[in-house]
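Student: First, the structure itself, so that you have it in front of you.
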Amino acid sequence: MAKMYKGIWPVAPTPFHDDGTLDLEGMKRVLDFMIDAGVDGICILANYSEQFVLSDEEREVLTRLSLEHVAHRVPVIVTVSHFATQIAVERARLAKSLGASMVMLMPPYHGTTLRGTPEQIFQQFEAVGEVGIPIMVQDAPMAGNDLTVPLLVRMAREIEMVKLFKIECIPATGKLRELIAAGGDAIQGPFDGEEGITLMADLDAGATGTMTSATIPDKIKPILALHAEGNREGASEVYRQVLPVINFENRQCLWRASKAAMMEGGVINSDCCRHPIAPLHPETLAGLLDILRPIDPLVLSWGK
């Protein structure tokens, strides 16, 4: 059976004014830029959205604004991760009520020592699944949980709403290949993450989609399209062109790359990140823009 979920579904950054307050008009411009860049879906309130510096009230404001502004032009995934199952369920209910297409959820963790057991992880996803909205499982290093392939396959087979898997833990390629082989048709959306740094290998392993940052989705999307058409050589050529940018972002900038590029291109007015996140060093910023300009991504011209 063909996989139901595919394409590029980047994470939207959360723009702030220079004083650290939410830039809601900037958020609308971020969403419009991403749609103009040809994304197949948008994820909000993820780690690359700096969800860990947002209050509960701000989360709700951003959820409402994003879903209303996108207005079903593309599907929207709302991240609902929380250590407390009750709160994750409440967040999923809100997302569903506002028209989200799906939710993304990491396994329960808090700090460096609190981790859900495999059964507790299953129970949390089961509870969120009862809300009745498709779930993307985020297997991210930040959580520190060991989401084994047997556990993921069990979740896919026994929890109706668990349909997508964003595999980011190293080695992602091997885990994707094993997950797809073990889960079969139950794995409806095998995705990678980490800005697509291992995208070609992950596509070869059977991934059908990727959740990158919002920096260069217009340049990454052709890789997926060419690979899906069976043109691996063409996909590989495009991948080689963008990989230096992906590597620089992943290793030097993280989520700050999208904001810096968007400010340079007039999408947003500030690349502010809330303390204690440090701004990019001037040399790192210059290096980012220097490596971006030769590939001429939409982000550098969209707002000019």
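The values are calculated or read from the model by the stated rules, or taken from the named source; none is laboratory data. Bear in mind that the values here come from a model prediction, so they are computed numbers and not experimental data. Here Cβ is always computed from backbone atoms with ideal geometry, including for glycine, and neighbour counts include all displayed protein chains.
Student: Given the criterion in contact with a Lys or Arg (Cβ under 7 Å, 6 or more places away or on another chain), without any contact (Cβ under 8 Å) to a residue 60 or more places away in the chain and closer than 16 Å to ARG274 by Cα, identify the matching residue among LEU45, LEU24.
Tutor: The unique qualifying residue is LEU45.
Student: Turning to a different aspect of this structure: Taking the condition within 26 Å of GLU25 (Cα to Cα), surrounded by fewer than 24 Cβ atoms within 10 Å (Cβ to Cβ) and not small (Gly, Ala, Ser), does LEU226 pass?
Tutor: No.
Student: Also, quick follow-up: Would you point out the residue of the stretch 175-189, among those that are more than 19 Å from ASP146 (Cβ to Cβ) and not in a helix (DSSP H, G or I), that is farthest from the chain's Cα centre (by Cα)?
Tutor: Looking at residues that are more than 19 Å from ASP146 (Cβ to Cβ) and not in a helix (DSSP H, G or I), I get GLN188.
Student: For the stretch 147-176: of the residues being crowded, with 19+ Cβ neighbours inside 10 Å and of a type in the set (Lys, Arg), which is nearest to LYS219 (Cα to Cα)?
Tutor: LYS166
Student: State whether one or more residues within the stretch 148-166 are of a type in the set (Val, Ile, Thr) and under 14 Å from the mean Cα position of the chain (by Cα).
Tutor: no
Student: While we're on this one: List the residue pairs whose Cβ atoms are under 6 Å apart, where the first residue sits in the stretch 171-187 and is at positive phi and modelled with pLDDT under 95, the second is surrounded by 20 or more Cβ atoms within 10 Å (Cβ to Cβ) and in a helix (DSSP H, G or I), and the two are 6 or more positions apart or on different chains.
Tutor: none
Student: Collect the residues in the stretch 48-99 that are at positive phi and without any contact (Cβ under 8 Å) to a residue 12 or more places away in the chain, keeping them in residue-number order.
Tutor: Answer for the stretch 48-99, where residues must be at positive phi and without any contact (Cβ under 8 Å) to a residue 12 or more places away in the chain: just ALA71.
Student: Another question about this same structure. Can you pull out the residues in the stretch 192-239 that are part of a helix (DSSP H, G or I), among the charged types (D, E, K, R) and farther than 19 Å from ASN250 by Cα?
Tutor: Residues satisfying the conditions are ASP204, ARG232, GLU233, GLU237.
Student: Return a yes/no flag: does the stretch 249-264 have any residue that is of a type outside the set (A, V, I, L, M), more than 28 Å from GLU25 (Cα to Cα), touching a residue at least 40 places away in the same chain (Cβ under 8 Å) and crowded, with 19+ Cβ neighbours inside 10 Å.
Tutor: no
Student: Still on this structure, I have one more. Examine the stretch 49-62 for a residue that is more than 27 Å from THR112 (Cα to Cα) and more than 18 Å from the chain's Cα centre (by Cα), and state whether such a residue exists.
Tutor: Within the stretch 49-62, one or more residues are more than 27 Å from THR112 (Cα to Cα) and more than 18 Å from the chain's Cα centre (by Cα).
Student: Of the conditions (1) surrounded by fewer than 19 Cβ atoms within 10 Å (Cβ to Cβ); (2) over 23 Å from ASP192 (Cα atoms); (3) in contact (Cβ under 8 Å) with a residue 12 or more places away in the chain; (4) within 22 Å of the chain's Cα centre (by Cα), CYS273 fails just one. Which one is it?
Tutor: (1)
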